[in-house]
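Student: My questions all concern the structure below.
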Amino acid sequence: MSINGVINKFKFITKSSNDGFKSHFVYVWKNDTYEITTDTKLISTGDETFRSSGTLKLKRSDGQETIRNIYGKGGC
């Protein structure tokens with residue numbers, strides 16, 4: 001991920017689903033300076049496609065946080 005014009009490499013830490021329907025996901029990645037958490041919910045599905053929305057939180061090692069809304073779609 002590019003942060004302030006600098007490419008940062010992250011290690012995948014964990015994934016969790018907060019419901020039995022597998023429509024709410026939280027992913028976490030880390031490096032020495034930052035932690036990224038995405039918290040997304042499935043908002044619709046179609047013919048082999050899906051749409052989701054949620055938040056991306058970027059937390060620096062000094063505790064400063066930035067949160068942005070995210071939206072995406074994908075499929076086969």
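Student: Which pairs do you get when a residue that is closer than 19 Å to Lys41 by Cα, found in segment 64-76, comes within reach of a residue that is exposed (fewer than 10 other Cβ atoms within 10 Å of the Cβ), reach meaning Cβ atoms under 7 angstrom, with the pair 6+ apart or on two chains?
Tutor: Pairs that qualify, where the first residue is closer than 19 Å to Lys41 by Cα and the partner is exposed (fewer than 10 other Cβ atoms within 10 Å of the Cβ), are Gly75/Glu48; Cys76/Glu48.
Student: Name the residues in segment 1-51 that are within 18 Å of Tyr71 (Cα to Cα), in contact (Cβ under 8 Å) with a residue 12 or more places away in the chain and aliphatic (A, V, I, L, M), would you?
Tutor: Once the filter is applied, which keeps residues that are within 18 Å of Tyr71 (Cα to Cα), in contact (Cβ under 8 Å) with a residue 12 or more places away in the chain and aliphatic (A, V, I, L, M), segment 1-51 yields Met1, Val26, Val28, Ile36, Leu42.
Student: Can you confirm whether Ser53 is surrounded by 11 or more Cβ atoms within 10 Å (Cβ to Cβ) and either farther than 23 Å from Ile3 by Cα or among the hydrophobic types (A, V, I, L, M, F, W, C) (or both)?
Tutor: no
Student: Let me confirm something: among Lys59, Lys41, Lys73, Lys15, which residue is at pLDDT 95 or above, in contact with a strand residue (DSSP E or B) (Cβ under 9 Å, 6 or more places away or on another chain), surrounded by 10 or more Cβ atoms within 10 Å (Cβ to Cβ) and of a type in the set (D, E, K, R)?
Tutor: After applying the criteria, what remains is Lys59.
The values are calculated or read from the model by the stated rules, or taken from the named source; none is laboratory data. Because the structure is predicted, anything quoted here is derived from the model rather than measured. With ideal geometry, Cβ positions are generated from the backbone for all residues, glycine too; neighbour counts draw on all protein chains shown.
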